[in-house]
Amino acid sequence: MSDKLASPHRSLSIRSSRLILRKAREDDLEDVHAFLSQEDAVRYWSSGPAYLDLAQSLDWLETMIESPHNGVTDFVIELINTDYGSTSKPMPGPVIGKLGCWDSTDVLSFILNKSFWGKGYAADALQAFSWYMFAFTGESDDGRRKIPADKLIADVDPRNKRSRTLLKRCGFVEFGRGKRTRKTHLGWCDSIYYELTRERWEFLNETSSRK
């Protein structure tokens with residue numbers, strides 16, 4: 001796998017060829033509001049409907065920043081800027097989404113700015129995150145060693161065809177279904193449960209490397 005991790009600290013950055021998964025910061029507000037205010041982007045999120053008020057997005061961002069999981073198992077997705085302009089280094093790119101496990105469970109959540117759909121960014125981010133969760137074992141600056149996860153789980157609305165396609169593309173398999181599992185702005189919603197185990201992830205990567 002070509003994705004590499006920056007020097008390990010309590011908060012980490014995961015880098016692929018096109019993206020950086022990093023901790024959320026206060027200056028991400030404008031970009032975060034851009035996708036949280038898109039009805040199509042948040043349609044199947046339990047925190048919908050779209051945040052039309054910037055203050056709502058600020059509350060959401062502050063909650064993520066203050067979480068102990070920010071930059072550890074929960075990340076914003078930053079697009080790498082390839083435009084160097086007049087400097088020797090590229091300027092930071094926009095934050096185009098969020099991906100990760102926001103609490104102490106292995107349940108995955110993700111969202112992507114609609115302007116960046118259909119370009120493979122969500123798959124890139126999920127593949128990099130899966131590598132980090134299953135394969136990375138570096139030490140944090142307080143001496144604790146990251147233990148690889150056993151599995152990742154996703155709870156998806158059956159109507160959310162894009163997310164279902166993404167998960168299957170990245171190796172997740174369906175393992176259950178539920179009726180009226182949560183109530184959102186859409187009313188009562190059903191669930192399809194997907195999982196990716198570390199063993200399956202290792203098998204898929206080993207098989208891919210042989211081709």
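If you check LEU61, LEU12, which single one turns out to be buried (at least 19 other Cβ atoms within 10 Å of the Cβ), modelled with pLDDT under 95 and either in a loop (DSSP other than H, G, I, E, B) or of a type outside the set (Phe, Trp, Tyr) (or both)? That would be LEU12, the only listed residue that is buried (at least 19 other Cβ atoms within 10 Å of the Cβ), modelled with pLDDT under 95 and either in a loop (DSSP other than H, G, I, E, B) or of a type outside the set (Phe, Trp, Tyr) (or both). Of all the numbered requirements in (1) part of a loop (DSSP other than H, G, I, E, B); (2) more than 21 Å from LEU108 (Cβ to Cβ), PRO68 misses one, and that requirement is (2). Applying a threshold of 6 Å to beta carbon distances and a minimum spacing of six or more residues, or different chains, the list of pairs starting in region 178-201 at a residue that is touching a residue at least 12 places away in the same chain (Cβ under 8 Å) and ending at one that is among the aliphatic types (A, V, I, L, M) reads ILE192/VAL156; TYR194/ALA154; TYR194/LEU167; GLU195/ILE153; LEU196/LEU152. Within region 116-136, can you find the residues that are in a helix (DSSP H, G or I), under 15 Å from GLU199 (Cα atoms) and hydrophobic (A, V, I, L, M, F, W, C)? The answer is TRP131, MET133, PHE134, ALA135.
Restricting attention to region 18-58, the residues being free of Cβ contacts under 8 Å to residues at least 60 places away in the same chain, farther than 12 Å from ILE96 by Cα and in a helix (DSSP H, G or I) number 8.
Selection of region 169-201 for residues being within 26 Å of TYR132 (Cβ to Cβ) and either at pLDDT below 95 or assigned to a strand (DSSP E or B) (or both) yields VAL173, GLU174, PHE175, GLY176, SER191, ILE192, TYR193, TYR194, GLU195, LEU196, THR197.
The values are calculated or read from the model by the stated rules, or taken from the named source; none is laboratory data. Since the structure is predicted, the reported quantities are computational estimates derived from the model, not experimental observations. Note that each Cβ is placed from the backbone with ideal geometry, even for glycine, and that neighbours are counted across all protein chains shown.
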